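The values are calculated or read from the model by the stated rules, or taken from the named source; none is laboratory data. Computed from a predicted model, the values in this text were never measured in an experiment. Glycine gets a Cβ as well: all are built from the backbone with ideal geometry, and neighbour counts include every protein chain shown. Ligands, DNA and RNA are stripped out before the accessible areas are found, and what is left, the full protein with its side chains, is counted by its heavy atoms. Shrake-Rupley method; radii C 1.70, N 1.55, O 1.52, S 1.80 Å.
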Amino acid sequence: MQLIACPWCGPREEVEFSYGGQAHVPYPDSPAELSDEEWAHYVFFRDNPRGRFAERWNHNAGCRRWFNAIRDTSTYRFESVYRLDDPKPVTP
Amino acid sequence: MTVQSPSTARTPRTTRTPGADLPDQPDSLWRSAEPRRSYDVVIVGGGGHGLATAHYLAKDHGITDVAVLEKGWLAGGNMARNTTIIRSNYLWDESSAIYEHALQLWEGLEEDLGYPILFSQRGVLNLAHTLQDVRDSVRRVEANRLNGVDAEWLEPDEVRKVCPVVNTSADIRYPVLGATYQPRAGIAKHDHVAWGFARRADQAGIDLVQDCEVTGFASDGDRVTGVHTTRGTIAAGTVALCAAGSTSVLTDMLGIRVPIQSHPLQALVSELLEPVHPTVVMSNAVHVYVSQAHKGELVMGAGVDSYNGYGQRGAFHVIERQMAAAVELFPVFARAHLLRTWAGIVDTSPDASPIVGRTPYENVWLNCGWGTGGFKATPGIGSALAHTIASGEPHPLVAPFSLDRFVSGALVDEHGAAAVAH
């Protein structure tokens, strides 16, 4: 079983975590001014890359806190984990 | 489990060798073509949907200047990895229409292809375990009947008659309170289906090009003029994307956003067993689906792995839960050996319905988002997409599944309505 390094608790088994999809999707600044198409993209459309992906995880069977991770969707390897208020790491 | 010694081994009840009725492995059924420099139609993805689309382009529309480009080997992606369940008992009109169209084509497909596909209409049970399950299931049976889809509601004693190995006792964690039953549902031999379509398409003069990965697109305004591949650039009059879990990789190259997420979906087989399981059983709540393949393996699947993944493998704890669910429902499976597990990459959409139709490019057609259920649709989407390509207008059966429904809000929400929830 894969170990995931929670930024608060350290490495724990994968089953303790739940997935939260793409990270860094900001709530619209001016929701009332969004077109239907812009709303559709905010609600339904997410990136789906093959390779590096910045995504949200929750350590729901541990500290129950959210964090972000850079993970490779081809190898499933976690390259880094970081807190929600940290900026997205610059990847090569 | 313990190994039986020869002295205690049971005498087989039947002398029939499992799989004896299967045809021999065929000789080569199609040419592996060298790509030409130009085609009227280029289909990206040589799986079930791509091959079926090629077949119906030739058969129904006389369009044979067609190439099917496959990055790996023919039908080696999800077409080789699915659990082969075919049914049309979906809740909404739009879904049941396309899946019932497919089922009717399945019923004549062996004759159409002139090739054995071992389509076995052994019926599917969708089990209900809670009062809400029962209400939803009865509602779906009524909806199916209104749409001309064969469907029945079975009480637990009738479930036991259809599939005696299901545990219908009242004292289990998720007791079986009944099931919907679609007698015309079944399974087919997925490889044979792909081979049958490939053979027919090849006979019509269509080029099936393997080991040919699309690396980019050439465009001129709102038209795509060709595809760049690992085997050179190929000019195209029309392009159809049939790449399932890898669709986003292609649409990213085109600069189109599509609301799909690619997940690993795992399946597994047991060792070969005597016939014990006469039908197909699916359970939304306990979360497993099971049939027994023609050769005798128990074939099982469950939900997707939670994270996005292109690795064609999943996490072991997902298999473990799936096995726990299977043993809960089928205590007789407890002593069976697991032989093999694998995963495909499924393209899930926000409303659990496919995304088929126009793109911002006028000559590029999209076919994706079939998620965990694309196999059953193979002939249906093949014929509808071929019609779409030939006429330049979305076929009425795929029109409700357009990309712009996510803007208009006209979703076809099949989440949990008819399949294992994902």
Fill in: Pairwise Cα inverse-distance average, inverted: Kirkwood Rh of the protein assembly as shown (Å)
24.1 Å
Response to the item:
Taking r as the C-beta separation of B:ASP413 and B:GLN104 and R0 as 22 Å, the FRET efficiency to the nearest 0.05 is 0.35
Item to complete: Would you mind giving the mean number of other chain beta-carbons within 10 Å of the Cβ of each residue in B:299-309, as a whole number?
Response: 4
Discussion item. With unit charges on the beta carbons (Lys and Arg positive, Asp and Glu negative) and the dipole taken about the Cα centre of the protein assembly as shown, which residue among B:MET282, B:MET253, B:PHE333 sits farthest to the positive side?
Written reply: B:PHE333
Discussion item. How large is the Rg to Rh ratio of chain A when both quantities use alpha carbon positions and Rh follows Kirkwood?
Written reply: 1.02
Discussion item. If the only charges are +1 at each Lys and Arg Cβ and -1 at each Asp and Glu Cβ, what is the size of the charge dipole of chain A around the Cα centre, to the nearest 20 debye?
Written reply: 500 debye
Worksheet item: Stretch B:ARG145-B:ILE172 to full length: gain in nm at 0.36 nm per residue minus the Cα-Cα span?
Response: 6.6 nm
Worksheet item: Label points 7 Å out from Cα along the Cβ direction at A:MET1 and A:THR91: separation in nm?
Response: 2.5 nm
Response to the item:
For B:ILE43, the accessible surface traced by a 1.4 Å probe with all protein chains present amounts, in square angstrom to the nearest 10, to 0 Å²
Fill in: List of region B:251-273 residues, accessible area with partners at least 50 Å² below that of the chain alone (1.4 Å probe)
B:ARG257, B:GLN261
Discussion item. In Å², and per residue, what accessible area does region A:3-82 have when probed at 1.4 Å with the other protein chains present?
Written reply: 53 Å²
Fill in: Fraction of the pair-distance distribution of chain B above 32 Å, Cα-Cα pairs, percent
35 percent
Practice prompt. Work out the mean other chain Cβ neighbour count within 10 Å for the residues of A:85-91 and drop it here as an integer.
Written response: 0
Response to the item:
log10 I(q)/I(0) for region B:129-194, Debye formula on C-alpha points only (no solvent), q = 0.14, 0.17 Å⁻¹, two decimals, reads -0.52, -0.70
Worksheet item: So if we plug the beta-carbon distance of B:GLU362 and B:ASP65 into 1/(1 + (r/R0)^6) with R0 = 30 Å, what FRET efficiency do we get, rounded to 0.05?
Response: 0.95
Worksheet entry | Residue with peak Gaussian network fluctuation, chain A [Cα springs, cutoff 10 Å], from A:ARG65, A:ARG77, A:ARG50 | A:ARG50
Worksheet item: In the Gaussian network model of chain B, springs joining C-alpha atoms below 10 Å, which of B:VAL276, B:VAL44, B:VAL398 carries the largest mean-square fluctuation?
Response: B:VAL276
Practice prompt. Keeping the other protein chains in place, figure out the carbon and sulfur percent of the accessible area of the protein assembly as shown, with a 1.4 Å probe.
Written response: 50 percent
Worksheet, complete the sentence: Computed from the beta carbon distance with a Förster radius of 30 Å, FRET efficiency for B:ARG231 and B:LEU338 to the nearest 0.05 stands at 0.20
Item to complete: On a 0 to 90° scale, report how tilted helix B:316-329 is relative to the longest principal axis of chain B, with both axes built from alpha carbons and the result rounded to the nearest 10.
Response: 50 degrees
Practice prompt. Just the number, please: buried accessible area between B and A, total of both chains, 1.4 angstrom probe, nearest 100 square angstrom.
Written response: 2200 Å²
Worksheet, complete the sentence: So, with points 7 Å from each Cα along the Cβ direction, the B:ALA285-A:ARG52 label distance in nm works out to 4.6 nm
